[in-house]
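Peer 1: One structure coming up, written as structure tokens, with questions to follow.
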Amino acid sequence: MSLTLHQHPLASFCWKVLIALYDNDTPFEARLVDLMDPAGAAAFKALWPLGKMPVLRDAARDRTIPETSIIIEYLQTWYPGPTRFIPDDPDQALRVRLADRFYDLHVQEPMQKIVGDRIRPAGANDPHGVAEARARLAVAYALIEAEMAERTWAAGEAFSLADCAAAPALFYADKVAPLGQDHPHASAYLDRLLARPSFGRVLQEAQPYFAMFPAD
Ligand SMILES: N[C@@H](CCC(=O)N[C@@H](CS)C(=O)NCC(=O)O)C(=O)O
């Protein structure tokens, strides 16, 4: 098999790429990265010194690709399928890329700050940073609520790269800052993402690991 995805089934950024792979039934081998294991961490950092998951290895083309948005663009170029993650129309492509950046930077990042604070050692918490993250999420939620009143998917009427980014970001954000009744359109959008078979499969595979998620 040509493609290997180095990943962890609980890691939200890994989900982003898994959704894209499953959506197009792209054959690949999933290789578990355990950063808690010194040998596993060293082997992964030999592949990508920054140590951020996931990383795609394409043996057929001798390429190692980090960064989720780049991986999905790579898959679309070299292993295309029925779902087009970035549309051909340049204006629509920019809309997709903007929404992808929005979900990574303004939903995933504050969500990860809140979750990450829960696993810091005692005495090393950052309440000010967490409060800032919650305020950032509130602004992002208001934007999503307004946008999703008029759209099916994150960047319009077609499922795209932006939805691969939105699914894990909103899933975990909703766990730490529930969308609730104040955001009915955003909640309905999360429900549509959850009903997407590719995301359902990702969640099913993550099920055995959910006990590792740090509850409040
Ligand atoms: N911008 C990166 C972010 C990747 C990222 O932050 N991955 C997390 C997992 S969700 C990770 O590797 N965390 C391990 C660490 O920071 O040590 C991307 O899009 O690929």
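Peer 1: Let's test the formula: R0 of 35 Å, r as the Cβ-Cβ distance of Arg151 and Ala41. What FRET efficiency results, to the nearest 0.05? It would help to have the intermediate numbers written out before the result.
Peer 2: Working: r = 40 Å, r/R0 = 1.14.
After rounding, the FRET efficiency stands at 0.30.
Peer 1: Next question. Suppose a student asked you for the relative contact order of the chain, using Cα pairs under 8 Å spaced at least 6 residues apart; what percent would you report? Please list the in-between numbers first.
Peer 2: Numbers: 281 pairs, mean separation 52.8, N = 216.
Relative contact order comes out at 24 percent.
Peer 1: Would you mind ranking Arg118, Arg84 by Cβ crowding within 10 Å, fewest neighbours first? Before the final figure, lay out the partial values.
Peer 2: On the way: Arg118 13, Arg84 16.
With the fewest neighbours first, Arg118, Arg84 line up as Arg118, Arg84.
Peer 1: Separate question: What is the distance in Å between the Cα centres of segment 51-126 and segment 128-197?
Peer 2: That distance is 16 Å.
Peer 1: Hey, can you list the DSSP H helices of the chain whose Cα span along the axis is 20 Å or longer and whose average Kyte-Doolittle score is at least -1.0? Write out the running numbers ahead of the final one.
Peer 2: On the way: long enough: 127-148 (31 Å, 0.41); 161-176 (24 Å, 0.88).
Helices meeting the span and hydropathy rule in the chain are 127-148, 161-176.
Peer 1: Could you calculate the FRET efficiency of Asn125 with Arg31 from 1/(1 + (r/R0)^6), where r is the beta carbon distance between them and R0 is 45 Å, rounded to 0.05?
Peer 2: On the way: r = 33 Å, r/R0 = 0.74.
Step by step, r from the Cβ atoms, then E = 0.85.
Peer 1: Connecting C-alpha atoms closer than 10 Å in a GNM of the chain, tell me which of Asp174, Asp191, Asp37 has the biggest fluctuation.
Peer 2: Top of the fluctuation ranking is Asp37.
Peer 1: Using Cβ contacts closer than 10 Å as the measure, can you line up Phe171, Phe85 from fewest to most? Intermediate results must be reported in sequence, preceding the final value.
Peer 2: Values: Phe171 19, Phe85 25.
Fewest-to-most ranking of Phe171, Phe85: Phe171, Phe85.
Peer 1: So, one more: Hey, could you pull the Cα Rg and Dmax for the chain, both in Å?
Peer 2: In order Rg, Dmax, the Cα atoms of the chain give 17.2, 51 Å.
Peer 1: Order the peptides 21-30, 2-11 from the highest to the lowest mean number of other Cβ atoms within 10 Å of their residues. Don't skip to the end; give the middle numbers.
Peer 2: Values: 21-30: 16.7, 2-11: 19.3.
By packing density, highest mean first, the sequence is 2-11, 21-30.
Peer 1: Same structure, new question: For the chain, what does -39500 (n - 2.57) per DSSP helix run (n ≥ 4), summed and divided by total residues, give at 222 nm, in deg cm²/dmol to the nearest 500? All intermediate terms of the calculation are to be shown ahead of the outcome.
Peer 2: Numbers: 9 runs with 116 residues, N = 216.
Theoretical 222 nm ellipticity from helices: -17000 deg cm²/dmol.
Peer 1: Taking neighbour Cβ counts within 10 Å as the exposure measure, how do Cys14, Cys164 sort from fewest upward?
Peer 2: Working: Cys14 23, Cys164 31.
Ranking Cys14, Cys164 by Cβ neighbours within 10 Å, fewest first, gives Cys14, Cys164.
Values in this text are rule-based calculations from the coordinates and carry no lab data. In this text the structure is predicted, and so the values were computed from the model without any measurement. Glycine gets a Cβ as well: all are built from the backbone with ideal geometry, and neighbour counts include every protein chain shown.
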